[in-house]
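The values are calculated or read from the model by the stated rules, or taken from the named source; none is laboratory data. This structure is a prediction, so every number in the text was calculated from the model and none was measured. Please note: Cβ atoms are built from the backbone with ideal geometry, for glycine as well, and neighbour counts cover all protein chains shown. Please note that ligands, DNA and RNA were not included when accessible areas were found on the heavy atoms of the full protein model with its side chains. Shrake-Rupley method; radii C 1.70, N 1.55, O 1.52, S 1.80 Å.
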Amino acid sequence: PMSICPVQENVLQRVLQLPVVSSTCETLQRKYSSTKESHPLMASVCEVYERGVQGAGALAMWGMEPVVRRLEPQFAVANNLACRGLDHLEEKIPALQYPVDK
């Protein structure tokens, strides 16, 4: 039977939920936070960068919204194909289900 992602699920969410990916992200987040706490100058640079990224992201999403709406059917097809590919990878590579330290 063909696997199809539920409507609310997308392939990016599924990838981020893989233990190997989520544990890597958590480790990077901890290192980033500890670096900001240890180095005040780095913290101020990081905060400026974070504000810039948030502003740019909001502006990009606002500008892309009409395009995304028009391409929604194509995105749905691509998402379903990517989900099926991820199903296959998860089946063939069980290590994806383990945190990085394992």
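Within the range 20-27, can one find any residue that is modelled with pLDDT of 85 or more, open to solvent by 80 Å² or more (accessible area, probe 1.4 Å) and in a helix (DSSP H, G or I)? Among the residues of the range 20-27, at least one is modelled with pLDDT of 85 or more, open to solvent by 80 Å² or more (accessible area, probe 1.4 Å) and in a helix (DSSP H, G or I), which makes the answer yes. Among the residues examined, CYS5 does not qualify as surrounded by 10 or more Cβ atoms within 10 Å (Cβ to Cβ), touching a helix residue (DSSP H, G or I) at 6+ places or on another chain (Cβ under 8 Å) and at pLDDT 80 or above.
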